[in-house]
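Since every read-out is calculated from the coordinates, none of them should be taken as a lab result. All values reported here derive from a predicted model rather than from experimental measurement. A quick note on method: Cβ atoms are made from the backbone with ideal geometry, for glycine too, and the neighbour counts reach across all protein chains shown.
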Amino acid sequence: SGPIVVKDLAEQLGAKATDLIKRLIALGVMVGVNNELDKETAVIVATEMGAQVEERASVEEREEILLQGDEDREHELQERPPVVTVMGHVDHGKTSLLDKIRSTRVTASEAGGITQHIGASVIDWNGRSIVFLDTPGHEAFTAMRARGAQVTDVAVLVVAANDGVMPQTIEAINHAKAANVPIVVAINKIDLPDVNPERVRTELTEHGLVAEEWGGDTMMVPVSAHTGEGLDKLLESILLQADIMELKANPNRAASGTIIEAQLDRGRGPVATVLVSRGTLRVGDVFLSGSVYGRVRALINDRGERVKEVGPSMPVEVLGFNQLPEAGDDFVILEDERQAKSIADARASRSRQSSESGSRGVSLDEFYQRL
Ligand code: GTP
Ligand code: MG
């Protein structure tokens, strides 16, 4: 770790560059945003700026412990469905693939009545469920990752066989790798004449994804969203991948999870789609997300039906927010509405403060590690 540029240091500290420069000037160091600082100076000024930040982090840490509750014990854990994000280059067939899966893999009684109300859908297949997230284009995925939210268990990378690996394909690979999410490749549009799935396999090898058939560990399934060819194999591969991961959660506790999207609905007010990561979410629960809190007034599943409760991995629309929560934020369920309110208020005033001081609340430890 050598010298560091002022604006990079500011970014790492979550501080405004101008505030950092003011501090440096006070220390007798005259620099501009693009100048380099030696490590010693960087540590000194970071310590100064970090000192107040750390206090704040420890309050957050205490909150965290309160909010996360106990670790689940092994015997409390039950299998949960995988949460799958579909990624890939523009027009490679992500939406078509999901549509085809949805239209053909729902139980008879539900067939026909399926309209997708939320940006997530639950597929029932061979007696098991798979949750697909349609929304996360790259941006949403990145935003969630930036906030540390890990909602996806498996990424399905769609590559059109006639087009091959394209810039957003590579981006998607990088996102998934950075988030440590295993990739299952769907080589799509194999119904087109003169396409060669082998070419896609070769191209992917150059980006570190080696097909199982070639001795690697990435499942690559030729499919067609138009004819439906290969889709069973794709779902099977996703479940195989999920089995390796032994996805489990304790359904018998207060829920927590992630806000997938949130919007203001004219008739219904603030509506959020959430994904439950553990526990069971119920109507009447007191929730807290960021500085927003309230009581769950209604839950609506991916089929547009009102439900009383949902368990781990399940996406659901939540009504009852008084403000818009932020996509990518966590939510938790608390016993006590007053407690939720007081944490929400504290967070709101903290975020006001930090937007004034330009600091995001990085702990010193974290900072030194990055240096
Ligand atoms: P964006 O959301 O814009 O990134 O695109 P997408 O990846 O969701 O692709 P979409 O499903 O919209 O499909 C793009 C085009 O490819 C459409 O014209 C589809 O009809 C066509 N397409 C998708 N899958 C297949 C397939 O398996 N075979 C053929 N022949 N065409 C396909
Ligand atoms: Mg699409």
Check your understanding: What residues qualify as long-range amide H neighbours of VAL307, i.e. H under 5 Å apart, gap of 5 or more or another chain, H built at 1.01 Å from N?
Key -> LEU299, ILE300, ASN301
Practice item. Mind giving me the nanometre distance, one decimal, between the label points for LYS341 and ASP194, set 7 Å out from Cα along Cα→Cβ? Key: 7.0
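Compute the FRET efficiency between ILE170 and MET245 as 1/(1 + (r/R0)^6), taking r as their Cβ-Cβ distance and R0 = 22 Å, and round to the nearest 0.05.
Working: r = 24 Å, r/R0 = 1.10.
Once rounded, the FRET efficiency stands at 0.35.
Name the shape class, rounded, prolate or oblate, that the alpha-carbon gyration tensor gives for the stretch 1-41, where a ≥ b ≥ c are the square roots of its eigenvalues, rounded holds for a/c under 1.5, and otherwise prolate holds if a/b is larger than b/c and oblate otherwise. Intermediate values should be presented prior to the final figure.
Details: a/c = 1.62, a/b = 1.09, b/c = 1.49.
The shape class here is oblate.
Using 1/(1 + (r/R0)^6) with R0 = 35 angstrom and r between the beta carbons of ARG350 and ARG266, what's the FRET efficiency to the nearest 0.05?
Details: r = 32 Å, r/R0 = 0.91.
Efficiency for this residue pair is about 0.65.
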Study note, to complete from the structure: Using alpha carbon centers only, the stretch 267-297 is separated from the stretch 183-213 by a whole-angstrom value of 41
Point to revise | Length gained when the stretch GLU40-ARG282 is fully extended (0.36 nm per residue, less Cα-Cα span) | key: 81.8 nm
Review point. Mind listing the phi-derived Karplus ³J(HN,Hα) values for the stretch 73-85, rounded to whole Hz, using 6.51, -1.76 and 1.60 with θ = phi - 60°, and x for any glycine or proline?
Key: 8, 3, 6, 7, 7, 10, 4, 10, x, x, 9, 10, 10
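Stretch GLU212-ASN126 to full length: gain in nm at 0.36 nm per residue minus the Cα-Cα span?
Stretched out fully, the GLU212 to ASN126 stretch lengthens by 28.6 nm.
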Check your understanding: Taking only C-alpha pairs under 8 Å that are 6+ residues apart, what is the relative contact order of the stretch 199-299 in percent?
Key -> 14
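Under a Cβ-Cβ cut-off of 9 Å, what is the net charge of the residues other than VAL210 that fall near it, where Lys and Arg count +1 and Asp and Glu count -1? Before the final figure, lay out the partial values.
Working: positive: ARG201; negative: GLU212, ASP217.
In short, -1.
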Point to revise | Summed side-chain charge close to THR41 - residues other than THR41 whose Cβ falls under 13 Å, Lys, Arg +1, Asp, Glu -1 | key: -2
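If Lys and Arg each add +1 and Asp and Glu each add -1, what is the summed charge of the other residues whose beta carbon sits under 10 Å from the beta carbon of HIS92? Working shown, then result.
On the way: positive: LYS94, LYS189; negative: ASP91, ASP163.
In short, 0.
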Study note, to complete from the structure: By Cβ neighbour count within 10 Å, fewest first, HIS75, HIS92, HIS207 rank HIS75, HIS207, HIS92
Exercise for review: Would you work out the charge dipole size for the stretch 153-290 about its Cα centre, treating the Cβ of every Lys and Arg as +1 and the Cβ of every Asp and Glu as -1, and quote it to the nearest 20 debye?
Suggested key: 820
Revision key, fill the gap. From fewest to most C-beta neighbours within 10 Å, the residues ARG266, ARG338, ARG347, ARG128 line up as ARG266, ARG338, ARG128, ARG347
